[in-house]
Structure formats: structure tokens, C-alpha cells
Amino acid sequence: MKTIERVEQAQDVLAYVDGVYQTVKDRNPNESEFHQAVKEVFDSLMPVLEKNPVYMKQGILERIVEPERIISFRVPWVDDQGNVKVNRGFRVQYNSAIGPYKGGLRFHPSVNASIIKFLGFEQIFKNSLTGQPIGGGKGGADFDPKGKSDMEIMRFTQSFMTELSQHIGADVDVPAGDIGVGAREIGYMFGQYKKMRGGYEAGVLTGKSIDSGGSLARKEATGYGTVYFVEEMMKEKGKSFEGSTVTVSGSGNVSIYAMEKAMELGAKVVACSDSAGYIYDKDGINLATVKQLKEVESKRISEYVTIHPEAHYFEDCAGIWSIPCDIALPCATQNELDEMAAKILVANGVVAVGEGANMPSTHAAVQMFLNSDVLFAPGKAANAGGVSVSALEMAQNSARLAWSFEEVDAKLHDIMKNIYRNSMKAAEEYDAPGNLVVGANIAGFIKVADTMVMQGVI
Ligand code: NDP
Ligand code: 2IT
């Protein structure tokens, strides 16, 4: 193709992508997180569309941004004082080209359509990257589990599942956990689903307890997977976790097991946080204490310093990024690491950043890392270990057998290495060598787009 033709074609592609993005904004006003997630993916796709105009002809972008189905429903429940409460529940069944909808449920007061759509959209590409046959979905409710009794949690989750049970199934849509939803909530939901449907369909939910058909290593999978991914990325530059100083935001499921694996690989984890503040323990955090406080007692991370007075607690969770470290792992929530935090991390000499959470870095923060030669692992690649082991849980449920911890962990490790290799390869192929943001978006997109073309306009 002559240069002039190539330039004209690139301009056409840009105009097409801009047009679809504008439609997304017009159709979904005031949904900034959703717009942010779409923009990040679209920014990576220009060279793919130039090379494969069939995706434009087939309206792949227009179709992929529109969820196949959105369910929004009333969740009424009764608190311990006898008051009737009402929350809003969601399930976004985003894309089923390569498998049943798959993705977590989030219970947090900030949940709204924008949050669930951004998470569901990300999930399409993340699930594609895993190499497993799972489509994209997400759900949740604007329910705040903090301060609720166990019975309140049970009544709420049962009411939530009473409606959700009509829309899910082992071959239809398979939810799991996310913020505010762990093994306890999944247990209550599985019980209610079983009662509603009158059958033991173990594969309808993942993240179940082992005796309900859960998989060993699912609890550890997201955090371990993030560290496996970052390890791979660092290996290429001759670096490793061994002897590194690490900071990990959050102190929930992803954070705890990211810390555990980083420590196992010889790193010193000096800080973690919750939504109220962060702790700094310069000689290394005592993970057993964090597990006891968070997994067993559901306490605030500030309590850590009463047990370990040599450590310090600071209010303002975002302050964690001001601590000098070699590796930063944001594992709490979206947009928790902004441009200012990125600048400080870079100035303090950070070598690698791995996103255990979904979209924890703002767009400007990501650009800062990429422009500063920081090794950067985007969430949809780096945190795909959780959903990967969920898919392994589905496989075990279908086969009615259970693999050992070591077997699942080895498969997880292989999957994370593959995601790294495939993302690097795609980045190389599309003229963005080493850029894992572009590579992950492209590798995730192509498989889904090709499958959508094969399945016709549906
Ligand atoms: P948890 O509920 O177990 O833990 C969440 C942690 O993040 C808590 O420490 C919480 O603090 C903190 N947090 C939550 N919201 C905020 C906020 N608005 N500001 C600051 N801190 C906050 O959730 P997970 O560990 O499961 O999830 C963490 C992240 O990882 C999310 O982005 C999730 O989407 C993503 N993820 C989870 C996977 C999984 O398998 N669980 C898989 C892939 C990604 P506090 O207790 O004070 O609220
Ligand atoms: O964001 C995610 O990938 C998850 N919360 C896990 C989804 C799953 O189905 O295990």
C-alpha cells in the first residue's frame, strides 16, 4: 500500500473509532468508569482495525460495547431491628461469544451501572486472555457489608439470589466473588440457588467452599497469579522479587495472597491498606496478623499497630504510594492510583507495577509508567488468575472430580506465563514492543472478535 493510502486509511479508522466511542458516551451518560474502560481498549485497537477492516464492516466495536443483556433488580431484605431495606442488584451479561458469561459479584455502596459495565467490559478481554472458554459478565449490588451481622448478610444474599437464580446456570452465566463477596457470601448464594432450583448444580457459581465443590487454590489464585505475572515480566529484565521491597494496597482477598506469594519469593512487603488508611512496617509486614484481622475478625487494618507497635498507621489510603518501593501492587479498587501517586512512585525508583485490582491506575498514571520505562502489568492480564482458576473449578465440577492444590497451582502458573507471552507477542506484532497494555487488549480482543464474526450478526 502506498504511504498516502495508508495515512488515509489510518484517518478512516480513527474517525470510525472516535464515532463509536462518542456513541458509547451519548448512550451511557454520566458513566465515567465505563467510558474510561472503553477508551483504554479502543486506544489499543487502531492498528488491529487497520490490518483487519472486516471488524469494522462487521460492526464488531459497535456490538462489543453493547451488553447482550443487563438485568437490574430490587433486593428487599429485613435488618436485625426488623426494618425493611431495599438495595439495587445488577447482572451484566456482556458477551457470550467464547463461552458462558463469567465474572464476579461486587457488594459495595459505590456499585452502580457504570461500575458494573466497566468491570463486565474488562472481563470480556480478561477471560479471553486466559485461553479458557468463558465469556464476560459482572454483577453486584450497592449493599454495604460493613457492620452487618452474619444473619443480615445471609438474608441479603438470599434475597439477591432469589432473583439472580432466574438468570444464571452452569452453561449460561457463572458468577463468583469480587469486593465484598467471598466464600461466606458464595456459600449462602449457592444454598439459596440449590433451594430455588431443586438440584445440585455445582458449576453455577465459583469460589465455593471445598466441600460444596470449590477448587483448591481459588482463594489464593488472583494474588498468586498477579505475582506470577509480575515475576515473568521482571525476569525478562534480569530482575526478581528476591530482595525487593514491595507495597500492596488493600488487605482483602487479592492483597493477602499477593503478599503471601511475594514473601515466598523472597520479597519484603512493607505496607498494605484498607479504605481508611495504610500501615507501614519497615522490617516487613506480619501476614499472619493481617489474615487474623481481616479474614477472621473483619477488623480495620489500623488494629495492626496495636499488635505490632513498631509499625505505623496513617490515615488516607492513597498515601501508601509515597512509600519508596521496587514493586507496587495496587490490589484494592479502581482509580486508587492517580497521576500524582505515579509520579511519586517513579521519583522513588519503582521498577515494576502490577495491577491486582481492576483498573486501579488512572489513564494518566498508566501513561506515566509507560513513559518512564516502568515495567507495567495491566489488570486484565495480571489479575486474570482468579477467573482462570474459576474456570478450572467449573471443569472440575463438570467432571465431578477434585484436583490437588499443587495441580491447580501449577496450571495457574502456566496460564499466567501464557498470558504474559501472548500479550508480549501481540504487542510486538502490532508495533508496540514491550507495551503490555496494548498487547493484552489486542490479544484479548482478536479471539472474541474473530469468534463474533464466525457466529454471525447476533
Ligand atoms: P475484598 O473485598 O476482599 O478486599 C477489597 C480491599 O480493597 C479491602 O482492603 C478494602 O478495604 C479495599 N477497598 C475497597 N474499596 C475501596 C475503596 N473505595 N478505597 C480504598 N480501598 C478500598 O476484594 P478483593 O480483594 O476480592 O478485590 C480487590 C480488587 O481486585 C477489586 O478491584 C476486584 O475487582 C479485583 N479482582 C478480584 C478478584 C478476585 O478473585 N477476588 C479477581 C480479579 C480482580 P475496606 O475493607 O476498608 O473496604
Ligand atoms: O474480576 C475478576 O476477574 C473476578 N472478580 C473473578 C471472577 C471469577 O469469575 O472468578
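The numbers here are math on the coordinates, done by the rules we state, and not lab data. None of these values were measured; they are calculated from a predicted model. For neighbour counting, all protein chains shown are included, and Cβ atoms are generated from backbone atoms with ideal geometry for every residue, glycine included.
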(Q) Can you give me the C-alpha center-to-center distance between segment 172-233 and segment 87-154, rounded to a whole angstrom? (A) 12
Q) Which value in Å is the Kirkwood Rh of the chain over different Cα pairs? A) 22.4
Q | Longest site-free stretch - the chain; sites: trypsin sites (Lys or Arg not before Pro), DSSP loop, at most 15 other Cβ within 10 Å | A | 3-145
**Q.** Loop chymotrypsin sites (Phe, Trp or Tyr not before Pro), segment 160-241, which have at most 16 other Cβ atoms in a 10 Å radius of their Cβ (DSSP)
**A.** 200
Q | Charge sum, other residues only, whose C-beta stays under 13 Å from residue 15's C-beta, Lys/Arg counted +1 and Asp/Glu -1 | A | -4
**Q.** Structure-based [θ]222 nm, the chain - -39500 (n - 2.57) summed over DSSP H runs of at least 4, per residue, nearest 500
**A.** -15500 deg cm²/dmol
Q. Which whole-number percentage describes the relative contact order of segment 387-455, with Cα contacts under 8 Å and a sequence gap of 6 or more?
A. 20
(Q) Let me check against my output: what whole-number percent is the relative contact order of the chain, with C-alpha pairs under 8 Å and at least 6 apart? (A) 15
Q) Which whole DSSP H helices in the chain pass both tests: a Cα extent of 15 Å or more along the axis and a mean Kyte-Doolittle value no lower than 1.0? A) 436-454
(Q) What is the sum of charges, Lys and Arg at +1 and Asp and Glu at -1, for the other residues whose Cβ falls under 10 Å from the Cβ of residue 403? (A) -3
Q. Taking the Cβ of residue 46 as the center, what net charge do the other residues with Cβ under 11 Å away carry, scoring Lys and Arg +1 and Asp and Glu -1?
A. -4
Q) Under a straight-distance cross-link criterion of Cα-Cα below 15 Å, which aspartates and glutamates are reachable from residue 85, leaving out those fewer than 8 residues away in the same chain? A) 142, 144, 152
